[in-house]
Amino acid sequence: MTAGRRGALRRAGTRLVRSVFRVGWPRSRAERAAAMLSSLVLHVHPTRVRARVLSPSTTLGLGLVSFYLFALLTVTGLALMLYYVPHPDAAYRSMKDIEYATTFGMFIRNAHRWAAHGMVAVVFLHMCRVFFTGAYKRPREFNWVVGVFLLLLTLALSFTGYLLPWDQLAFWAITVGTSIVAYAPLVGEPLRYLLLGGYEIGQAALLRFYVLHCVVLPLAMAALVALHFWRVRKDGGIALPPGPARRVLVWPHLLFRELIVLVLVLVVVHVAALVANAPLEEIADATRTPNPAKAPWYFLGLQELVHYGAVLGGVVVPAAIVLALLALPYVDTRPGGAGVWFARERRLANAIFSALALAVVALTVVGTFFRGPNWAWVWPWAP
Amino acid sequence: MNPRASRRRFVVTAGTSGLAAGSLGLLAALARFAVPDVLYEAPRRIPVGRPEEFPPESVTLLTDHRVFVFRTPEGFYAVSAVCTHLGCNVGHEAGRGFACPCHGSTFDEEGAVTSGPAAWPLARFALSLSRRGELVVDTRRTVDAGFRLRA
């Protein structure tokens, strides 16, 4: 090949790459800023952020981890949809097929399961972080509200996914969960009927949960996540204490750290999926109740409360918690302490929130580990 | 007022309200559509057999329908096996009443709560005799605790 031909070929190649990436691999500071601005994905970030943003202790990266887990759940969920059949006659068998007759099926199901559980936990921790750093204060009130809805969506996604394996665990957890729904005054029974598409957990309920789990709720989640991210930018970036305004380029400093977090998330989910299998019990049987029948673990705090009083635990407490969370940024309007962990001037607010968060955790732990047959108290280490 | 401006305002108002009404109507239609009118569930009027098939002074659990049928000297009655707390299936022990395995609610022979988190007694379903002389449980109709079917 002549030198002239080679040059023409290289130029054509460059033209092709440049038609996709306008800036190319950035080398100068100006190009790094331009690369951020010219990419659909990257322009979620500004070109420069305050150096403080890079410190892991600022946010613990929990929002980012939640997002990565959601992305991972989308990918593994789409894969599972290739084999899963949402019908009571076929669902359980298709789960067995995924586990035992599909290459990497067990691994992908495990990854989906553990990432889902992890997402519930991490979204909760993210909310705690935002509270303890006072990051819901003006001008971020509305983004806190969006976050509360994202937490509810996360729970709803996890709950609707719980029924799909159509095993005893799924069937009775959803029996308990939808019975809690029915306790809501006036709307409870009709809501349960609408959710199940009938009076029983059967074909209609499975299909509804499937559509909610695979289409409706993920779309709502994606839309709200976009709003949540966009508002972070529009509200002036993540909440930081007043301090040195030194700024660093997002490319490479922040992007590199985000990549490390992605690697960590992938490693943790992979290891979890390799060492622990997602549970799959016997096929769902409406005539045989396991003892005890437990809701998914993140609702066991509620179930523990429902044990003391159905209306209290099933309606009053959850409604009060959600309303309090939604109202919080509009009630606590004092500007002090935003962006600082456990700020002195927010001692009272932090104490109240810590007590509530600890109560949620304690009730969940009790419901998960300390309740046995007939919901009687058991010691988890007892034989 | 400028007639053009007032005409424009009329068109804008009519247009937006039409759009709003149409959108709300569509949403309402979608919501109503999601409420099923036909259910492919087991029938809720269940023929359970001839009265003489139930021994005198007996309790029979119809597993698939989650209903207990009692035969007493005063007549027949049917008690739901679905716990009123969170929907688990209760078990029955003659003379000691019902117990729910999930959260420890217990009920007496009449289905009234004796302990545990359940807030309401077990449902009593209407019983009738079909023209062919079969007992029929109707789980759509609940009756009060005094109900007995003489058969």
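Taking amide hydrogens as placed 1.01 Å from N in the peptide plane, the amide H of B:I46 sits under 5 Å from those of B:V137, B:D138, B:T139, each at least 5 positions away in sequence or on another chain. Over the residues of chain B, the helix contribution to mean residue ellipticity at 222 nm works out to -7500 deg cm²/dmol, using -39500 (n - 2.57) for each DSSP H run of at least 4. Remark: mean inter-chain Cβ contacts per residue of B:116-128 equal 1, using a 10 Å Cβ-Cβ cutoff to other protein chain atoms.
Are there GluC sites (Glu not before Pro) in segment A:267-364 that DSSP marks as loop and that have at most 13 other Cβ atoms within 10 Å, and which are they? In loop regions of segment A:267-364 (DSSP not H, G, I, E or B), the sparsely surrounded GluC sites (Glu not before Pro) are A:E282. Report, by chain and number, residues whose modeled amide H sits under 5 Å from the one on A:D167, excluding near sequence neighbours (fewer than 5 apart, same chain). Close amide H contacts, sequence-distant or interchain: A:A284.
Projected over every direction and averaged, the convex hull enclosing the alpha-carbon atoms of segment A:229-315 yields 12.0 nm². Centroid-to-centroid, using Cα positions, segment A:112-191 and segment A:261-339 are 6 Å apart. Against chain A, whose longest principal axis is taken from its Cα atoms, helix A:91-100 shows a tilt of about 60°. Couplings 3J(HN,Hα) for segment A:165-174, derived from phi with the Karplus relation 6.51 cos²θ - 1.76 cosθ + 1.60 (θ = phi - 60°), are x, 6, 9, 4, 4, 5, 4, 7, 5, 6 Hz, where x marks Gly and Pro.
Our coupling estimate for segment A:273-284, obtained by passing each phi through the Karplus curve with A = 6.51, B = -1.76, C = 1.60 and θ = phi - 60°, is 5, 7, 8, 10, 8, 5, x, 9, 8, 5, 4, 4 Hz, Gly and Pro reported as x. Distance between the 7 Å Cα→Cβ label points at A:L274 and B:F10: 7.5 nm.
Using alpha-carbon positions, what is the distance between the centroids of segment B:109-151 and segment A:340-383, in Å? Going from one Cα centre to the other spans 41 Å. The mean number of partner chain beta-carbon atoms within 10 angstrom of a residue's beta-carbon across peptide A:287-294 is 6. Of the two radii for the protein assembly as shown, the radius of gyration is 1.07 times the Kirkwood radius, both from the alpha carbons; that is the Rg over Rh value. Taking amide H as placed 1.01 Å from N in the peptide plane, the amide H of A:T289 sits under 5 Å from that of B:N89, each at least 5 places away or on another chain.
Using the Karplus relation 6.51 cos²θ - 1.76 cosθ + 1.60 with θ = phi - 60°, the per-residue 3J(HN,Hα) values for segment A:142-158 come to 5, 5, 4, 4, 4, x, 4, 5, 5, 4, 5, 4, 4, 5, 5, 4, 5 Hz, with x marking Gly and Pro.
Computed from the coordinates by the stated procedures, all read-outs in this text should not be read as laboratory data. What you see is a predicted model; the values in this text were computed from it and never measured. Here Cβ is always computed from backbone atoms with ideal geometry, including for glycine, and neighbour counts include all displayed protein chains.
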